[in-house]
Amino acid sequence: MAGASLLTLLDDITTVLDDVATMSKMAARKTAGVLGDDLALNAQQVSGVNADRELPVVWAVAKGSLRNKCILVPLALLISGLIPWAVMPLLMLGGLYLCFEGFESLYHSYTHRKQVKDSGHLNASSMAVKDETHGDLKAYEAKKVKGAIRTDFVLSAEIIAITLGVVAHMSLITQFFTLVIIAIVMTIGVYGIVALIVRMDDAGLYLSQRKMLGRRGKVQRKMGLMLLSAAPRLMKSLSIIGTIAMFMVGGGILTHGIHPISTLFSLLAAMTQSWFLIGPVLFLIIPSVLNALFGVLVGGLALLLFELAKTIQKKVKG
């Protein structure tokens, strides 16, 4: 009898593990699109720190990301079980925050360039660093890490919500282990790639300085020089892509929660599907472009209301 019970238990465990593996694969496919945005955003967030501090900053953000997921996984299961209707409003708040942060970043970048131009200072780059760090590199680094972890919280929440939608019909234990696996894999994947990106220049320097003779040595040195040349351009482009990704992800979350707008964007994309040659391409990119534009609009409105609230608060206190 005891042997039969043990075999039954082992069979149950095997079934659960098989379900978890299947659900994890499905969830990974569903969240693959968010992974690209997550990567661009996080690479952007850690850019701008000293070269010797890049990996410690990435590690600090990765630990913060794991802490985020340790909060989000049980919270998602709790909300899904008790108040499932609250999942979308909470996600929309996160989307609103991403749009606000993206627009605030654009606004401050614009106003800073305008101040530099009006002041007539030639050394704009040194002014930017001094302005941003206020002479305290540790405080600047801590601010970058804190901001990156905040942004990661919203993106992690979206990944957890998508995964939860995939496994909603499964048992609680399958849901839990699937969420844990996706959380760990996504964190390792994103921050592992970010670490490789920020240290790409080191790899280029190493290859360019190798003293290997022959054709193989020439190829390695050429590859090293290419990496050294590409590294700053890649980081600059990731900064731009990261800002765009903020609006695309934030706007996408908001439009998904506002059904009429989501339907309108889908109809506009469908109208172009039959166009010769470019139709299928437009059908794929139009929803993302419209989501990003909607994110810019909402982010600008949110920043305007935020600044207005600050002005009113100052007047009340004054």
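The values are calculated or read from the model by the stated rules, or taken from the named source; none is laboratory data. Please read all numbers here as calculations on a predicted model, not as lab measurements. Quick reminder, even Gly has a Cβ in these numbers, built from the backbone with ideal geometry, and neighbours come from all protein chains shown. Ligands, DNA and RNA are stripped out before the accessible areas are found, and what is left, the full protein with its side chains, is counted by its heavy atoms. Shrake-Rupley method; radii C 1.70, N 1.55, O 1.52, S 1.80 Å.
The dipole here belongs to region 186-318: it is taken about the Cα centre, uses +1 on the Cβ of Lys and Arg and -1 on the Cβ of Asp and Glu, and is about 880 debye.
What number, in nm² with one decimal, is the all-direction average of the projected area of the convex hull of the alpha-carbon atoms of region 212-268? Averaged projected hull area, Cα only: 6.3 nm².
With a threshold of 26 Å on the Cα-Cα distance, the over-threshold entries among Lys63/Lys144; Lys146/Lys315; Lys69/Lys144 are Lys146/Lys315.
How high is the FRET efficiency from Thr263 to Leu137, r the C-beta distance, R0 30 Å, rounded to 0.05?
On the way: r = 49 Å, r/R0 = 1.63.
Using R0 = 30 Å, I get an efficiency of 0.05.
In square nanometres, what is one fourth of the surface area of the convex hull spanned by the alpha carbons of region 139-219? List each step's numbers first, then the result.
Values: hull surface 35.6 nm².
Taking the Cα atoms of region 139-219, their convex hull projects to 8.9 nm² on average.
Using the Cβ-Cβ distance between His169 and Arg199 with R0 = 35 Å, the FRET efficiency computed as 1/(1 + (r/R0)^6) comes to roughly 0.25.
Under a 5 Å amide H cut-off, with hydrogens placed 1.01 Å from N, Arg199 pairs with nothing among residues at least 5 apart or on other chains. Of the whole protein surface, Met271 contributes about 130 Å² of accessible area at a 1.4 Å probe radius. Phi-derived couplings, Karplus 6.51 cos²θ - 1.76 cosθ + 1.60 at θ = phi - 60°, listed residue by residue for region 147-162: x, 5, 5, 4, 5, 4, 4, 5, 5, 5, 4, 5, 4, 5, 5, 4 Hz, with x used for Gly and Pro.
The residues of region 230-317 present an accessible area of 64 Å² per residue when probed at 1.4 Å with all protein chains retained. Packing, as the average of other Cβ atoms within 10 Å across residues, places the peptides 94-106, 65-77 in the order 94-106, 65-77, highest first. At full extension, Lys146 and Met271 could sit 40.7 nm farther apart than now, given 0.36 nm per residue minus the alpha carbon distance. Here region 169-209 has 80 percent of its accessible surface on carbon and sulfur atoms, given a 1.4 Å probe and all protein chains in place. Placing a pseudo-label 7 Å from each Cα along the Cα-to-Cβ vector at Cys70 and Thr311 gives an inter-label distance of 4.4 nm. Extension gain, Gln209 to Leu77, is 42.3 nm, computed as 0.36 nm per intervening residue step minus the present C-alpha separation.
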